[in-house]
Each structure stands twice: as structure tokens, then as C-alpha cells.
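Participant: Please see the structure below; I have some questions.
Every read-out reported here was derived from the displayed coordinates using simple, explicitly stated rules and does not represent laboratory data. Model, not experiment: these values are computed from the prediction. Every residue, glycine as well, gets a Cβ built from its backbone with ideal geometry; the counts of neighbours run over all protein chains shown.
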């Protein structure tokens, strides 16, 4: 597990001990950031279910302005990885439940241009997060929400405001779904 590009390129990230985690594979992460292209620079990033911080720290390394990393079980590891990559200045780490963090950040009227969500697979967590974000103002008007979920997890919750703009499958285990606001997409047409 390493940072692929930018100011911290090549930095190896520590991973949690045990088999209870599933860090994003480097090839999936590389594909994700190739799809985003220049849409990372200058952005405010939220990385929920951050784990090692690989996605949020990669975004910072590629020029994101700030990143809030949320994970109740790996906050110490997130601090270590941010410091090791010399990216702690732009990083805020929240050691709390993802849904409590979303509620807190929304209550503070925070807004993010790029939100990453990479929960454990097959627990329905990505659908719950998607439904909550559909009703919150956390995603900026021109923002992008990227959700990593299992290749066999295809049932979307009913969405009022968000629309899936791209879905990419990686082997038999993983897919990435990209969401944006419908009203923003209508403006771009």
C-alpha cells in the first residue's frame, strides 16, 4: 500500500494488523485517480471509512487543499500515515462513527468537493451512506462522490438528488460508483 503520485509519491502506508480490513488495491486507486484527473487539485476532501487513509492522503499528495479522514477504529494509524507522508498539515482526523461524523460535519455546514466512501463490503453501509448524503449538504454543488463497493452489490437506494454518472468494475470483487448532483449535471448539459 503506497501513495502513487504527487508530493508524497512512493510513501508506503502502514496497514492495520489482522484480516478485518480490505485496503483499496493500488490498481483500483490508480484507475480512480486517472478518472478524476485534475479534479483533485485544490479540492476539499472527505474520506469516510478511511482505513489507512490511502484515498484521502493520495488526494492531498495530488494537490487537494484539505482532507478530513473519518474512521473510528484506525484513527491512530491515520495520524501515523499522514505524518509519515508529510501531509498532516492538510489533514483532519475524526475518530468517530461515520454517521455521527456526517451529522456533525453537516451541522457545521461543511462542504466537500470530493467524498470517498470505502466501507466494508456486504453490510449495506454504502447504501446507508449514499442515502444520508443524498439528503445532506456535505457534497459541494460541483462535487463528486466516489463509493467503492462489492462487485455483486448493485442495489441502489432510492435517490432524490444524486445521480450515478459512472460505474467501473474491477475483477470479481470491486466496483467504483461515481455520483453527482442531478441539478449540477442539468446545468452542464
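Participant: Hey, among the residues in segment 148-160 that are part of a strand (DSSP E or B) and touching a helix residue (DSSP H, G or I) at 6+ places or on another chain (Cβ under 8 Å), which one's farthest from residue 114 (Cα to Cα)? Break it down stepwise before answering.
Facilitator: Of the residues in segment 148-160, the ones part of a strand (DSSP E or B) are 148-150.
Filter once more, so that each one left must be touching a helix residue (DSSP H, G or I) at 6+ places or on another chain (Cβ under 8 Å): 148-149.
Working: 148: 14, 149: 17 Å.
The extreme case among them is 149.
Participant: I need every pair where a residue in segment 88-116 that is touching a residue at least 60 places away in the same chain (Cβ under 8 Å) has its Cβ under 8 Å from the Cβ of a residue that is in a helix (DSSP H, G or I) and surrounded by 19 or more Cβ atoms within 10 Å (Cβ to Cβ), sequence separation at least 6 or different chains.
Facilitator: As it stands, the answer is 114/59; 115/133; 116/55; 116/56; 116/59, since those pairs meet every condition given.
Participant: From 123, 145, which residue is closer than 27 Å to residue 76 by Cα and more than 17 Å from the chain's Cα centre (by Cα)?
Facilitator: Values: 145 fails: more than 17 Å from the chain's Cα centre (by Cα).
Just a single option satisfies the conditions, and that option is 123.
Participant: Hey, among the residues in segment 127-147 that are in a helix (DSSP H, G or I) and without any contact (Cβ under 8 Å) to a residue 60 or more places away in the chain, which one's surrounded by the fewest Cβ atoms within 10 Å (Cβ to Cβ)? Lay out the reasoning, then the answer.
Facilitator: Quick first cut of segment 127-147, residues in a helix (DSSP H, G or I) only: 127-134.
If we keep only those that are without any contact (Cβ under 8 Å) to a residue 60 or more places away in the chain as well, we get 127-128, 130-134.
On the way: 127: 16, 128: 14, 130: 20, 131: 16, 132: 16, 133: 25, 134: 18.
Restricting to residues being in a helix (DSSP H, G or I) and without any contact (Cβ under 8 Å) to a residue 60 or more places away in the chain, the top hit is 128.
Yes or no, residue by residue, for (1) out of contact with any strand residue (DSSP E or B) (no Cβ under 8 Å at 6 or more places or on another chain); (2) without any contact (Cβ under 8 Å) to a residue 40 or more places away in the chain; (3) buried (at least 17 other Cβ atoms within 10 Å of the Cβ):
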| position | (1), (2), (3) |
| --- | --- |
| 8 | yes, no, yes |
| 14 | yes, no, no |
| 43 | no, no, yes |
| 46 | no, no, yes |
| 56 | no, no, yes |
| 61 | yes, no, yes |
| 73 | yes, no, no |
| 80 | yes, no, no |
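Participant: A follow-up question, please. Being touching a helix residue (DSSP H, G or I) at 6+ places or on another chain (Cβ under 8 Å), part of a strand (DSSP E or B) and without any contact (Cβ under 8 Å) to a residue 60 or more places away in the chain is the filter here; which residues of segment 161-176 pass it? It would help to see each step written out before you state the result.
Facilitator: Keep residues of segment 161-176 that are touching a helix residue (DSSP H, G or I) at 6+ places or on another chain (Cβ under 8 Å), which gives 161-163, 165-166, 168, 170, 174, 176.
Going one step further and asking which of them are part of a strand (DSSP E or B), we end up with 162-163, 165-166, 168, 170, 174, 176.
Within segment 161-176, 162, 163, 165 meet the criteria.
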